[in-house]
Structure formats: structure tokens, C-alpha cells
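Heads up: the structure comes next, in C-alpha cells.
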Ligand SMILES: [Fe+2]
């Protein structure tokens with residue numbers, strides 16, 4: 001894709017911040033565009049808490065309604081409230097979520113705002129990265145791209161689960177597209193590929209609040225259950241096409 005002025009600055013930021021670690025990548029067709037908004041912004045009003053795209057018990061038995069309830073209604077909601085409070089009365093007030101995250105990422109005086117806004121974006125992306133009856137190897141274009149990029153679905157699965165398990169402390173595992181290549185990336189705390197040249201396709205929350213009620217310290221079991229039974233490949237394909 002042609003490089004826009006802000007692409008170069010984001011790449012510079014990525015190198016400086018090293019917030020995202022590419023773990024596995026290989027060739028694929030050239031794809032255009034950048035990551036899309038999670039859609040949780042109110043027009044002109046700043047970020048808002050989006051409704052879940054399914055019932056809170058829809059992901060059972062892999063993620064319980066209790067976990068989803070705490071996660072969405074308390075953790076995600078708090079990130080939204082913090083973002084709006086920190087943005088109030090500043091040039092960030094009223095910005096939609098994606099430009100807010102990107103602007104705050106480059107502003108060393110707004111680390112708290114970036115952390116909360118990026119968590120709003122990451123969580124909105126996470127809810128839509130899973131669905132009842134999802135998971136397993138995808139079909140169609142995603143199947144072909146994964147095969148070109150990783151050799152086989154099982155190799156992608158291994159790389160993704162390694163990213164999820166090896167992220168030290170809190171963070172995220174992602175499937176992204178960047179310059180025509182699919183890659184597995186992990187980010188710490190609130191860091192997000194949104195501030196890089198990569199386009200997010202899927203993400204898995206590996207903060208303990210995402211799984212501890214159901215899996216305690218067994219993050220590997222949570223990640224495998226998520227990828228095998230919940231991953232929303234339709235969402236990933238839609239992000240590629242957007
Ligand atoms: Fe979370």
C-alpha cells in the first residue's frame with residue numbers, strides 16, 4: 001500500500017516503543033489499508049461501552065457468563081469511564097476512539113489516557129474476535145492466507161498459543177496483517193497493533209481477568225479453548241476486506 005505521512009511516524013513509534021513483538025510471519029499477497037475502528041465511539045462524543053454481540057452466557061462452557069459479566073460490565077466499562085474522564089477538557093475530548101488512541105500513543109504526557117483508550121479499543125476488538133460455535137481452522141481466504149503465511153494451520157495455531165502463553169504478565173495475542181504478510185504478535189498491558197503499520201485481524205485477551213474465574217492459572221487451556229471453539233474467522237476475514 002502507499003505510505004501515508006502518519007504511517008512513517010507510526011513505524012518510528014513502533015521501533016521506539018517496541019510495544020509489539022512479531023513472533024512469526026511469512027509471505028502473502030499484498031493487502032491494502034490499515035486497522036479499522038472497533039466501532040465503540042459515539043459520533044463526536046468519544047468512546048462508549050459497546051453492547052456485546054451475544055448473550056453473556058453464549059460462550060459457555062469455554063468462557064462463563066460470570067467471567068464475561070465482570071469483564072465487560074466492570075473492566076471494560078471502567079476503561080471507557082477513565083478514557084472519557086481523562087480526555088475531558090483536553091484536545092482529546094470528543095475524538096473517536098481510533099484517532100484518540102493513535103494521538104495519545106505519540107504523546108508522552110498522556111500515558112494514562114493511552115492505556116485506558118487502548119484498552120477500550122482492544123476489548124471491543126476482543127468481543128468481536130470470538131463467537132459461539134467459532135474456532136478451529138478457517139475456510140476460504142483466511143485458510144489460504146494462513147497456509148501461505150505459516151505453512152499450515154497447525155503451525156499458526158502453535159505460534160498463536162505460544163504468544164498467548166509466553167506474554168509475561170498482562171497483555172494480548174494477535175493475528176495481524178502487515179505489508180501483505182500475516183503474523184502473530186503479542187503486546188503487553190494496553191499496547192495494541194493499532195499504533196503500528198499492522199492491521200489487527202483477531203485478538204485474545206490474556207489479562208488474568210479474562211480467564212481466572214474459569215481457568216485459574218491455566219492460561220494455556222483458556223487460549224487453546226478460545227482458538228479451537230470461539231475464534232471468529234468471519235470477523236478476521238472482514239478486517240482483511242475492510
Ligand atoms: Fe480484558
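The values are calculated or read from the model by the stated rules, or taken from the named source; none is laboratory data. Because the structure is predicted, anything quoted here is derived from the model rather than measured. Note: ideal-geometry Cβ built from the backbone for every residue, glycine included; neighbour counts use all protein chains shown.
Okay, here's what the table says:
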quantity: Filtered residue count, segment 193-212, keeping only those that are surrounded by 16 or more Cβ atoms within 10 Å (Cβ to Cβ) and under 23 Å from residue 54 (Cβ atoms); calculated: 10
quantity: Where a residue in segment 43-68 is in a helix (DSSP H, G or I) and its partner, wherever it lies, is buried (at least 21 other Cβ atoms within 10 Å of the Cβ) and at pLDDT 95 or above, with Cβ under 9 Å and at least six apart; calculated: 65/59; 67/59; 67/210; 67/211; 68/59; 68/127
quantity: Residue that is away from the ligand (no atom under 16 Å from the Cβ) and either on the phi < 0 side of the Ramachandran plot or at pLDDT 95 or above (or both), where the choices are 158, 186; calculated: 158
quantity: Test: residue in segment 120-131 that is within 16 Å of the ligand (Cβ to nearest atom), touching a residue at least 40 places away in the same chain (Cβ under 8 Å), buried (at least 17 other Cβ atoms within 10 Å of the Cβ) and more than 18 Å from residue 236 (Cα to Cα); calculated: yes
quantity: Residue in segment 35-42 that is modelled with pLDDT of 50 or more and buried (at least 19 other Cβ atoms within 10 Å of the Cβ) present; calculated: no
